[in-house]
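Below is one structure, written out as structure tokens; the observations come after it.
The values are calculated or read from the model by the stated rules, or taken from the named source; none is laboratory data. None of the values given here were measured: they were computed from a predicted structure. Ideal geometry is used to build each Cβ from the backbone, glycine not excepted, and the neighbour counts take in all protein chains shown. For the accessible areas, the whole protein counts, side chains as well, though only heavy atoms, and no ligand, DNA or RNA atoms are used. Shrake-Rupley method; radii C 1.70, N 1.55, O 1.52, S 1.80 Å.
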Amino acid sequence: MNSAEPVIRCRGLSKRFAALTAVDALDLNVRRAEVFGFLGPNGSGKSTTIRMLCGLLLPSAGEIEVLGCQIPRDAEALKRRIGYMTQKFSLYEDLSVLENLQFLATVQGLGKAAARSRIAELLERYWLSELRQQMAGTLSGGQKQRLALAGAVLHKPDLLLLDEPTSAVDPQSRREFWDSLFELAEAGTTLLVSTHYMDEAERCTRLGILDAGRLVADGSPRELLDALPGQPLLVECEQPRQAQRALQGCPEVLAMAQIGAALRVLVAGTDGRAAIAQRLDAARLDARLHDAPANLEDVFVCVTRQPVQVRP
Ligand SMILES: Nc1ncnc2c1ncn2[C@@H]1O[C@H](COP(=O)(O)OP(=O)(O)OP(=O)(O)O)[C@@H](O)[C@H]1O
């Protein structure tokens with residue numbers, strides 16, 4: 001496969017569940033060794049798309065090509081070349097760490113000697129060596145995800161599809177998990193990973209943002225920030241809810257969200273700030289306005305018109 005060719009290419013990809021269109025005419029290109037972040041509000045179609053790309057779910061319409069395989073036609077052949085991991089722990093809780101990996105090696109058809117050395121390498125790489133005899137069900141959230149990652153890469157897949165892999169782990173484990181993802185990307189693995197965390201999104205080489213099944217933004221984090229149509233403003237005020245109500249429907253406000261005690265407002269145009277100050281003044285609200293550097297949360301809120309939802 002030519003390295004310039006996209007690893008994932010889909011055109012007009014759609015999935016309908018009865019009257020609901022979960023994925024709506026999606027065009028997507030993911031290139032080799034990219035870390036492609038998939039963002040979107042709850043229910044925007046991320047998991048459904050990933051499951052179709054893996055060949056686990058039949059599309060209602062559209063074309064999918066993954067690693068040169070036509071999906072769903074070549075889904076069986078693709079399975080040997082991809083790794084798939086979800087937030088839900090899918091390994092055997094009553095088998096040990098080692099037994100889980102041995103079982104997966106058998107399923108993947110690895111020979112005994114190859115399996116032994118690959119498992120030893122993965123136990124080492126994902127800090128599981130000392131836990132090898134522990135039952136998987138008794139591992140911590142972060143340890144489970146490391147084991148799941150080891151299982152997903154056991155057969156050295158060219159592409160890893162990860163559906164919210166870190167939603168059940170603490171911030172330190174999330175960072176370590178992402179370091180492992182970058183190690184894989186450096187070694188040439190392509191990654192598509194869905195997340196609700198903006199700090200993870202920032203680390204991706206490219207992002208696609210879904211909203212109601214449609215791709216509403218696609219680019220590197222820098223490109224998306226540069227394309228932001230307004231300037232973020234922080235409105236500090238004793239009554240942020242009232243300030244929000246006062247600014248509702250204001251044509252200069254592209255998006256707004258309450259962040260702690262302040263209101264973050266994405267303001268259009270050069271006179272936007274003055275218009276906002278005027279509105280707040282007219283509502284007799286004492287507020288301080290500060291320019292704020294743009295971040296990916298602004299991009300998310302702007303293109304989806306919804307606040308960022310981070311799972312607990
Ligand atoms: N098997 C199914 N049958 C019916 N509806 C479904 C099915 N699977 C998903 N949906 C619906 O499709 C829409 C998209 O769901 P999906 O899980 O793909 O979203 P998501 O972006 O991954 O959401 P989240 O961030 O909450 O995981 C939702 O409205 C969901 O209820």
- Message: So if I place +1 on the C-beta of Lys and Arg and -1 on the C-beta of Asp and Glu, and nothing else carries charge, what would the dipole magnitude of the stretch 229-293 be about its Cα centre? I want it in debye, nearest 20.
- Response: 180
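For the chain, calculate the relative contact order in percent as a whole number, restricting contacts to Cα pairs under 8 Å that are 6 or more residues apart. Please report the intermediate quantities before stating the final value.
Working: 591 pairs, mean separation 61.6, N = 312.
Computed over the chain, the figure is 20 percent.
Find how much the distance from Arg241 to Ala268 grows on full extension, using 0.36 nm per residue of separation minus their present alpha carbon separation; answer in nm with one decimal. Walk me through the numbers on the way to the answer.
On the way: separation 27, 0.36 × 27 = 9.72 nm, distance 2.09 nm.
That works out to 7.6 nm of additional length.
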- P(r) for the stretch 1-128: what percent of alpha-carbon pairs falls in each 10 Å bin, starting at zero? 11, 34, 31, 20, 4, 0
- Item | Rounded Å value of the spacing that divides the Cα centres of the stretch 242-292 and the stretch 27-56 | 34
- Item | Highest to lowest packing among 187-197, 242-252, scored as the average C-beta count within 10 Å | 187-197, 242-252
- Task: Give the calculated FRET efficiency between Glu121 and Ala25 to the nearest 0.05, with a Förster radius of 35 Å applied to their Cβ-Cβ distance.
- Result: 0.25
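Can you show me the helix-derived [θ] at 222 nm for the chain, built from DSSP H runs with n ≥ 4 at -39,500 (n - 2.57) apiece and divided by the number of residues, rounded to the nearest 500. The partial results should precede the final answer.
Working: 11 runs with 108 residues, N = 312.
Computed ellipticity for the chain at 222 nm equals -10000 deg cm²/dmol.
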- Query: Lys pairs in the chain, Cα-Cα under 29 Å, at least 8 apart or on separate chains: how many?
  - Reply: 17
- Sparse-neighbourhood loop sites, trypsin sites (Lys or Arg not before Pro) in the stretch 77-172 - DSSP loop, at most 13 other Cβ within 10 angstrom: Arg80, Lys88
- Message: Relative contact order of the stretch 1-137, please, whole-number percent, based on alpha carbon pairs below 8 angstrom and at least 6 residues apart.
- Response: 20
- Query: Summing +1 for each Lys or Arg and -1 for each Asp or Glu, what net charge is found among the other residues whose Cβ lies under 15 Å from the Cβ of Gln133?
  - Reply: -3
- Task: Evaluate the charge dipole of the stretch 8-225 about its Cα centre and quote only its size in Debye, nearest 20, assuming +1 on the Cβ of each Lys and Arg and -1 on the Cβ of each Asp and Glu.
- Result: 540
- Note on the structure: Candidates Thr21, Thr166, Thr270; GNM for the chain (alpha-carbon contacts under 10 Å) flags as most fluctuating Thr270
- Task: Work out the P(r) tail for the chain: percent of alpha carbon pairs separated by more than 25 Å, whole number.
- Result: 56
- Alpha carbons only, please: Rg and Dmax for the stretch 192-295, in angstrom. 15.4, 48
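Just for the chain, what percent of DSSP beta bridges are antiparallel, to the closest 5? Before the final figure, lay out the partial values.
Details: 38 of 56 bridges.
Of all bridge pairs located within the chain, approximately 70 percent are antiparallel.
With the full set of protein chains in place, find how many percent of the accessible area of the chain is carbon and sulfur; take the probe as 1.4 Å. Intermediate results must be reported in sequence, preceding the final value.
Values: 7270 of 14950 Å².
Carbon and sulfur together cover 49 percent of it.
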- Query: Under a GNM of the chain (C-alpha, springs under 10 Å), which listed residue has the highest mean-square fluctuation: Gly137, Gly111, Gly219?
  - Reply: Gly111
- Normalising by the residue count of the stretch 229-293, find the relative contact order in percent from Cα pairs under 8 Å and 6+ residues apart. 47
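I'd like to check one number: the per residue accessible area of the chain, probe 1.4 Å, reported in Å² as a whole number. Walk me through the numbers on the way to the answer.
Details: 14950 Å² over 312 residues.
Averaged over the residues of the chain, the accessible area is 48 Å².
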- Query: Among Pro157, Pro240, Pro232, which one moves the most in a GNM of the chain with springs linking Cα atoms closer than 10 Å?
  - Reply: Pro240
